[in-house]
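Reading through the structure tokens given below for one structure.
The values are calculated or read from the model by the stated rules, or taken from the named source; none is laboratory data. Note that the coordinates shown come from a computational prediction; the quantities given were computed from them, not determined experimentally. We place every Cβ from the backbone using ideal geometry, glycine too, and count neighbours over all the protein chains shown.
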Amino acid sequence: MAEREALALNESTPQILAPQSGDTYLLPRSFRCVGDGIFTANATSATSTRSSDAAAYTYLVRGGHAYAQAATNTTGADLTLAGGIGRRFFTITDYTAMAGSVFTLVINGTTSTKTEGVDFNAVTTNNQTATNLATAIDAIAGVTAVAVAAVCYVTPDDSTYSLTISENATGATSTSGANGSVRATAGDSSYPALIVQGSTALVSAPIQKWIDSMGDGYSVSIEGDSTSLRNLKISSTFSYISGGGGIKFSSTNGNFASLQPYDGFVLHANGGSPKGNTALIHNGGGLSDTGLVIRPSAGPNTSGAGVLYLLGSDSWENGDRNGGPVFICGGALYGAGSNGNVLLAHNETVARGKVGIGTASPTKLLDVSGEMIATKIFLPYTNTATGTTGNQTINKSSGRVNIAASGTTVTVTNSLVTAATQVMAWPVTADATARVTSVVPAAGSFVINTPAVTAETAFAFVVIGAD
């Protein structure tokens, strides 16, 4: 079909005018396009592609500006881009079971309901009930409705860009086709396919989205300054993009960025062969020391709090292969600084919770179920100075006390000890007669007994299982 040029109507001197080079045509009234359409950024040629070495044409689509002298309507108009709405309809399956049923339509974010017995009646037949329902829905702004047999078809108006339908009826069903998409294509590693800018764009600061394959290997990258990602919320599960890339969320200055998915967030590396590629979350290496917080949100009252899993990847399903490890370590130092620590069961202010290794139900601050290898074990201690003999107070898990020459016993007051505590003791000074004959624990203390020592003798002790 041949392309047609726009014509202008000169209302002052009634005549139809052909477009002239350089003319700009204003549409004084609302209009709509029916059928497939192509808008191209070229006012002088039938094609949008340049025929010479000149800058490519650009195209501007925007909402209307506010009146500069406005006192009330000071806000510019929105520009809404939306895919087409899929088919929507209700089917009446048993009108006799529909008493009090509610039919819900959400049109451009506004909810409307039609209730059986209030807004329409389920009577006589399924077909008649569908007709009654269509009449009620047709009165809602933004849609039209018509019944065909027992089906009530709902059609969005031209100004409707979002429409969902549902019902709680036993004797009816609702059906929704998939909506069309708004697609941003082109772009490459240097120029993103979609750039969203402005002081309040998308969130609270500039943010850019790179879509499709990126030069750094990510399929989708979302980044911005510290506040642009702070309140970024992703509704529904956001999974990885298929292919060799992945998903990257980063804050350009390293400040706190909060991702708050409503229905779950999965970050994993699964974009190649073999499996086991790296999934990396970090704070971007900026100047801020705010750090990175990864945590699920609080659960509803009926289900308890959310759970956070850090999992290595499963091995490739071929032969004997190892699963992927999980590395947790502090950050590297710079200059004369210190390497970062790994803090468990602590929120930087107070101790919180317990750590279980090999157990999901730790009963102590550190609960290890299974074997453990330690090159060295360091216990808090106090060693009584030589020359100081007799009973001592040492509220630590290890230490030394001294028994004077000819002495046979020493009592150590220790708040860690109960009558059920295991206490080990032994002489650490060479003495001809010194040896431990018994260690007797009690609530808050224990007694070390020995045959009479020849000279002042030091005895070491270790408190175990101070329950």
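Can you go through Thr384, Thr375, Thr359 and tell me which one is of a type in the set (Ser, Thr, Tyr) and either more than 27 Å from Ala345 (Cα to Cα) or touching a residue at least 24 places away in the same chain (Cβ under 8 Å) (or both)? Lay out the reasoning, then the answer.
Working: Thr375 fails: either more than 27 Å from Ala345 (Cα to Cα) or touching a residue at least 24 places away in the same chain (Cβ under 8 Å) (or both); Thr359 fails: either more than 27 Å from Ala345 (Cα to Cα) or touching a residue at least 24 places away in the same chain (Cβ under 8 Å) (or both).
Criteria check complete, one pass: Thr384.
What are the residues in the stretch 374-401 that are farther than 13 Å from Thr413 by Cα, under 55 Å from the mean Cα position of the chain (by Cα) and of a type outside the set (Ser, Thr, Tyr), if any?
Ala374, Lys376, Ile377, Phe378, Leu379, Pro380, Asn383
Can you go through Thr389, Thr359 and tell me which one is in the same structural domain as Ser445 (by TED's automatic domain parsing), surrounded by 12 or more Cβ atoms within 10 Å (Cβ to Cβ) and among the β-branched types (Val, Ile, Thr)? Steps first, please.
Numbers: Thr359 fails: in the same structural domain as Ser445 (by TED's automatic domain parsing).
When all the criteria are applied, what remains is Thr389.
So is Leu60 surrounded by 13 or more Cβ atoms within 10 Å (Cβ to Cβ), closer than 27 Å to Asp158 by Cβ and out of contact with any Cys (no Cβ under 6 Å at 6 or more places or on another chain) or not? Give the derivation first.
Working: surrounded by 13 or more Cβ atoms within 10 Å (Cβ to Cβ): no; closer than 27 Å to Asp158 by Cβ: yes; out of contact with any Cys (no Cβ under 6 Å at 6 or more places or on another chain): yes.
When the stated conditions are applied, Leu60 does not pass them.
Please enumerate the residues belonging to the stretch 138-163 that are of a type in the set (Val, Ile, Thr) and at pLDDT below 95.
Start the filter on the stretch 138-163 by keeping residues that are of a type in the set (Val, Ile, Thr), which leaves 140, 143-144, 146, 148, 151, 154-155, 160.
The answer is Thr160, and nothing else.
For every residue, the table says whether it meets (1) part of a loop (DSSP other than H, G, I, E, B); (2) at pLDDT 90 or above; (3) not β-branched (Val, Ile, Thr).
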| position | (1), (2), (3) |
| --- | --- |
| Ile38 | yes, no, no |
| Ala54 | yes, no, yes |
| Tyr57 | yes, no, yes |
| Thr72 | yes, yes, no |
| Gly86 | yes, yes, yes |
| Ala99 | yes, yes, yes |
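Across the stretch 103-132, what is the total count of residues that are surrounded by fewer than 17 Cβ atoms within 10 Å (Cβ to Cβ) and either among the aromatic types (Phe, Trp, Tyr) or more than 15 Å from Leu163 (Cβ to Cβ) (or both)?
Of the residues in that region, 9 qualify.
For Val61, indicate whether it is at negative phi, of a type in the set (A, V, I, L, M) and assigned by TED's automatic domain parsing to the domain that holds Ala169.
On the way: at negative phi: yes; of a type in the set (A, V, I, L, M): yes; assigned by TED's automatic domain parsing to the domain that holds Ala169: no.
In short, no.
Among the residues in the stretch 391-404, are any in contact (Cβ under 8 Å) with a residue 24 or more places away in the chain and touching an Asp or Glu at 6+ places or on another chain (Cβ under 6 Å)?
Yes.
Which is farther than 18 Å from Pro441 by Cα, out of contact with any strand residue (DSSP E or B) (no Cβ under 8 Å at 6 or more places or on another chain) and surrounded by 13 or more Cβ atoms within 10 Å (Cβ to Cβ), of Ala332, Ala404? Quick ask: steps written out before the conclusion?
On the way: Ala332 fails: surrounded by 13 or more Cβ atoms within 10 Å (Cβ to Cβ).
The match here is Ala404.
Filter the stretch 369-402 down to residues that are in a strand (DSSP E or B) and within 17 Å of Pro427 (Cβ to Cβ), then give me how many there are.
Residues flagged as in a strand (DSSP E or B) and within 17 Å of Pro427 (Cβ to Cβ) within the stretch 369-402 amount to 8.
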